[in-house]
Amino acid sequence: MRIWKRWIVGLVVTLTATLPATPVFGAQRVAAAGTVTAEPSGWHLCSQSDMNNLTPKVTVEILSAARSVTTTSSPYAFVNNNDHDVLFPYSIVRSATQASDTTIGGTMQLSGKIVEATINAGYLQHVASTTSESAGATLLVKARSTGWVQGFAIFTQVAARVIIKRVDLVYFLGAPWCRRVEQTIIQGARIPQVAALCAWSYPQQKCDLSQIGNGGSRGGQPAWNGGSKPPAGPQPVTSVHGLADGTLLTTTDSGRVYKMVGGAPIWQATCDDGICSGTPRPTTQAVIDAGPARPRNASTVIDQRGRIFLFVGGAPIWQDSCAAPVACGSPVKVSNWSVDARDHMNEVPADGHLVQAKAGTVDLPVAVTIGGALVTFASPQEIIDAGYGTDWAGRVVAISSDSYNHLGFIPPDGTLIQGAGGGAPTPVAAIVGGARINFASPQEVIDAGHGTNWASKVRAVPTRHFNLMPTVPADGTLIQGSVGSTPVAAIIGAARVNFASPQEVIDAGFGTDWASKVRAVPQRAFNDVPTQIMDGTRIKNGASTSQAAVVGGAKVPFTSMEELNGSGYGDRPLWTVPSRTWDALPVKIADGTRIRKAGSTSQAAIVGGAKVPFTSMEELEGAGYGDAPMFVVPARVWDALPNVIKDGTRIQAVGAPSQAAIVGGAKVPFTSMEELQGAGYADKPLHLLPPRVWDALPTRIADGTRLKDAGSASQAAVVGGARVDFANEQEVADAGYNGKMMQVIPNRVWKALPTQIADGTYVKSPGSALVWLINGGRKTAAQQSSNVQVIPTRVLDAIPSS
């Protein structure tokens, strides 16, 4: 067979792991969570290197990956009112649409980068961004019974760490100032991989998801269900080795009918549909049992439904197409049960078998079966380095692209792997929830339950693939530190949620048999898993029916299913968390979060805890939110968000050099980088505002604001629009300002503030009930119980009476 190859190209994924130079063990990478901005470099006059790197650099690392299935059509019923069985042909449209968990209704630009990274990591080879295709087969429906067919889509669900490195540029007095910033975003994406059909009939009530794409449901030992067994011929068989495909055998002692496929005898449940045509040869059950246990690679069968299966690693792989380079040959006719029950077959391909497929004109990579899944190679050298020899090409089996993708690219839990090639070997690792969990020593492997013979279970994979594998188990995985060294925890939203009791695990939906689902990992690796639930995750309180979405690190509860569905979370997985975890979640959406109002096109950013709406996409993109994940919130939540940016927020107008701080609700501009640094804002996040919003901000600092002069130790309060200085900390405390946040302002602004309290201001001294009204710089006793400001006695005494 001709071998074709494809070099994997696309986004370069930045690796943060440093592999050891010698042995097979090394440290686990630590995964971050949430939206994090790394400590920026200090502001400095821009260099040429800074000016050359003003375009943000985006790199993506896949943290977790798992397969999921969703319906794409309603079940279609085939009703058989006859007194005999009927074979119904069927054809159904299958479709799937790409979606991203954190861009509900928003831009897919960043999600596209995540898709590329998922392909590069080897967890995806085909993306059904908008596919529509049909496939036909037949469904046998028993007399007076009903059968069903339904369309499904298989998705790859991933969580990715997106690292954005950028250079911030501002101009002060005509000079360019720069600083380098690194931002990390954790984002989820649901990527449709391939469409699938599921067919079943009564008494089965719904599709068994395990049968999607593999040819039918599972069965036990068959009852003979059709056709007369033909009499055996005169030549007894004492060994099945060397018998041709299609040879029919009957056992004289057990009364069974077998048919040879790829050197192995396959037990038949019926002789209907010409399965037993020809003259069978007699043999015994002992001869059958002594024969090969599985058909050889590339042998084929066709069942009563008309489905063709090609064998890889002893498992029947359903071929939706036999177009070249797939070589279906002359498939042996077998009973449906033979395939469904996997008689003399593996459930999934055995490890170490090479396959390849062609999708249209695209040559998919050569891949090896590991744990029933595929691990792809990027070059012939990788195949050789993994131990398959220089003659590997002669062992590659061509399969259809659909079957290639149906096998998936995520080995099952407990698979042990190690990177081979590229210099020194990588650490040994175990697959847990689709993620690579590294071991640091042989004892860690043993403690995790892989036995003292663990070395014989290790499978070689390309070092490239090993390094690109996720490091956080998929949502819904239960983990615990080896030998009970930690609590049991569930992975929810790419984060670790610890349980405090067995009842909490049960209440979270993991069943009374939850202990059998727990995967042991080194304590070190357990502690490395992040604990901040990823934005876009749908959660439920374990002690009630309350549900919420995580948005900007905060819990955003839904008050009804209408709110939930209207915000786009109706088809999201629901994860139950302990009530104490629910209660501990923040309720304020983090700054820098992009939101949209449910049922509306209105979008906004959270800046200083406030909602800053955009009036156009130009405003949104100008403020730097074009690539930001968008989260839909209920209209009730949108309306309740504050509209006033909190004090201490650093802002800048889009397209302008001016920067400012929000102090007492007012915009306080800086005229130089020195002013900005002196006021303590150099390391604070910079939020871009549309010029419209910038211009509308007030410039008068609100009464009751506590101030500090950047050029001295002086403090003051704003009272009646004026600066009222404090002489010492005791005056600060007596006036009730010691518990207020102190806002540092440039000395220039400090000196420019008026010192005469505005007319109409009510004041009093600490400890006194007497209230005074200020007018024309004088005070008059007044009756007033609200909006009275406390000023130092010294200051009040210095104000002349009317």
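The values are calculated or read from the model by the stated rules, or taken from the named source; none is laboratory data. Just so it is clear, the structure is predicted and the values come from calculations on it, not from any experiment. Please note: Cβ atoms are built from the backbone with ideal geometry, for glycine as well, and neighbour counts cover all protein chains shown. What goes into the accessible areas is simple: the full protein's heavy atoms, side chains included, and nothing from ligands, DNA or RNA. Shrake-Rupley method; radii C 1.70, N 1.55, O 1.52, S 1.80 Å.
How much of the DSSP bridge set in the range 465-620 is antiparallel, in percent, rounded to the nearest 5?
Roughly 75 percent of the DSSP beta bridges within the range 465-620 come out antiparallel.
On the accessible surface of the range 477-582, probed at 1.4 Å, how many percent belong to carbon and sulfur atoms?
Of all accessible area on the range 477-582, carbon and sulfur atoms account for 52 percent.
Determine the gain in length on full extension of the stretch Leu753-Thr390; use 0.36 nm per residue of separation and subtract their C-alpha separation, reporting nm with one decimal.
122.5 nm is the gain from fully extending Leu753 to Thr390.
Could you work out [θ]222 nm for the chain from helices alone, using -39500 (n - 2.57) per DSSP H run of at least four and dividing by all its residues? Round to the nearest 500 deg cm²/dmol.
Calculated at 222 nm, the ellipticity per residue is -3000 deg cm²/dmol.
About the Cα centre, and with charges only on the beta carbon of Lys, Arg (+1) and Asp, Glu (-1), how big is the dipole of the chain? Nearest 20 debye, please.
300 debye
Tally the DSSP beta bridges in the range 745-802 and give the antiparallel ones as a percent, rounded to 5.
Looking only at bridges with both residues in the range 745-802, the antiparallel portion is about 65 percent.
Spin-label point model (7 Å from Cα, Cβ direction): what's the Ala769 to Asn728 distance in nm?
With each label point 7 Å from Cα toward Cβ, the separation is 2.9 nm.
Quick one: compute the contact order of the range 647-802, relative version, from alpha carbon pairs under 8 angstrom and 6+ residues apart, as a percent.
17 percent
Give me the number: length gained by fully extending Ala143 to Glu674, i.e. 0.36 nm times residue separation minus the C-alpha to C-alpha distance, one decimal in nm.
Here the answer is 182.4 nm.
By the scheme Lys and Arg +1, Asp and Glu -1, what is the net charge of all other residues having a beta-carbon under 12 Å from that of Ile370?
Every neighbour counted, the sum reads +1.
Ranked highest first by the average count of other Cβ atoms within 10 Å around their residues, in what order do 307-319, 747-759 fall?
Descending packing order for the listed peptides: 307-319, 747-759.
Determine ³J(HN,Hα), in whole Hz, for all residues of the range 630-636 in sequence, where each value follows from phi through the Karplus function 6.51 cos²θ - 1.76 cosθ + 1.60 and θ = phi - 60°; x replaces Gly and Pro.
Here the 3J(HN,Hα) series is 10, 10, 8, 10, x, 4, 4 Hz.
Hey, if you drop one equal point scatterer on each alpha-carbon of the chain and run the Debye formula without solvent, what base-10 log of I(q)/I(0) do you get at q = 0.06, 0.09, 0.11 Å⁻¹?
-0.52, -0.97, -1.29
Using +1 on the beta carbon of Lys and Arg, -1 on that of Asp and Glu, and nothing else charged, what's the dipole of the range 424-509 about the Cα centre, debye to 20?
Charge dipole, the range 424-509, about its Cα centre: 420 debye, nearest 20.
Please give me the summed charge of the neighbours of Val771: other residues whose Cβ is under 11 Å from its Cβ, Lys and Arg +1, Asp and Glu -1.
It works out to a net charge of +2.
On a 0 to 90° scale, report how tilted helix 109-120 is relative to the longest principal axis of the chain, with both axes built from alpha carbons and the result rounded to the nearest 10.
Once rounded, one gets 40 degrees.
So how far apart, in nm, are the two label points at Lys165 and Ser658 if each is 7 Å from Cα heading toward Cβ?
With each label point 7 Å from Cα toward Cβ, the separation is 3.5 nm.
What does the extension gain come out to for Asp695 and Ile506, with contour length at 0.36 nm per residue minus their alpha carbon separation?
Result for the pair: 62.6 nm of gain on full extension.
Please turn the phi angles of the range 752-766 into ³J(HN,Hα) values with the Karplus equation 6.51 cos²θ - 1.76 cosθ + 1.60 (θ = phi - 60°), one per residue in order, whole Hz, x for glycine and proline.
Karplus-based 3J(HN,Hα) across the range 752-766 equals 7, 5, x, 10, 9, 5, 5, 4, x, 8, 9, 9, 8, 9, x Hz.
When only Cα pairs under 8 Å and 6 or more residues apart are kept, what is the percent relative contact order across the chain?
10 percent
Where the centre of each part is set by its Cα atoms, how far does the range 604-675 sit from the range 421-478, in angstrom?
If we compute the Cα centre of each part, the gap is 45 Å.
Determine, for the range 572-708, the count of lysine pairs separated by eight or more sequence positions (or lying on different chains) whose alpha-carbon distance falls under 15 Å.
The result is 6.
Assigning unit charges at the beta carbon (Lys, Arg +1; Asp, Glu -1) and nothing else, what dipole magnitude in debye, to the nearest 20, does the range 353-490 show about its Cα centre?
100 debye
Would you kindly derive the ³J(HN,Hα) couplings of the range 301-318 from the backbone phi angles with the Karplus curve 6.51 cos²θ - 1.76 cosθ + 1.60 (θ = phi - 60°), listing them in order in whole Hz, with x for Gly and Pro?
Calculated HN-Hα couplings, in order: 9, 10, 9, 5, 7, x, 8, 9, 10, 10, 8, 9, x, x, 9, x, 10, 5 Hz.
In percent, how large is the relative contact order of the range 521-660, given Cα pairs closer than 8 Å and 6 or more residues apart?
Relative contact order of the range 521-660: 19 percent.
DSSP beta bridges in the range 368-508, what fraction antiparallel, as a percent rounded to 5?
Around 75 percent of the beta bridges assigned by DSSP in the range 368-508 are antiparallel ones.
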